[in-house]
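Take a look at the structure below.
The values are calculated or read from the model by the stated rules, or taken from the named source; none is laboratory data. What you see is a predicted model, and the numbers here were worked out from it, not measured in a lab. Counting neighbours? That spans all protein chains shown, and the Cβs are built from the backbone with ideal geometry, glycine included. With ligands, DNA and RNA removed, areas are computed over all heavy atoms of the protein, side chains included. Shrake-Rupley method; radii C 1.70, N 1.55, O 1.52, S 1.80 Å.
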Amino acid sequence: MPVITIEAGKVNKSQKEAMIREFTKTASAILAIPEPAFVVLIKENDDDNIGTGGELLSKVKAKRASQ
């Protein structure tokens, strides 16, 4: 049973459904394994638990919003 793990920031339900559908479809085609064999795990990370460019993602987003 292949497992696909996706780590991302907060995503809504429709985004999760689309990711699960598309990642499964693509992996199935590439690996020639039936789609029902796949398990997809989505790990959501809070913006305060992600760093980019040496800063918290929450701070980076706040700076962008204020510009």
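Here are the numbers for this structure:
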| quantity | calculated |
| --- | --- |
| Among residues of segment 1-24, those that are exposed (fewer than 12 other Cβ atoms within 10 Å of the Cβ), part of a loop (DSSP other than H, G, I, E, B) and not basic (Lys, Arg), counted | 2 |
| Residue match in segment 25-41 (condition: charged (D, E, K, R), in contact with a Lys or Arg (Cβ under 8 Å, 6 or more places away or on another chain), open to solvent by 70 Å² or more (accessible area, probe 1.4 Å) and under 30 Å from Arg64 (Cα atoms)) | no |
| Breaking point among (1) in contact with a Leu (Cβ under 9 Å, 6 or more places away or on another chain); (2) modelled with pLDDT of 95 or more, for Gly51 | (2) |
| Pair list, Cβ < 6 Å and 6+ apart or interchain, from segment 1-28 residues that are within 27 Å of Ser58 (Cα to Cα) and among the basic types (Lys, Arg) to residues that are surrounded by 15 or more Cβ atoms within 10 Å (Cβ to Cβ) and at pLDDT below 95 | none |
| Residues within segment 42-58 that are outside any loop (DSSP other than H, G, I, E, B) and within 25 Å of Lys16 (Cα to Cα), tallied | 11 |
| Check on Lys25, farther than 13 Å from Pro2 by Cα and charged (D, E, K, R) | no |
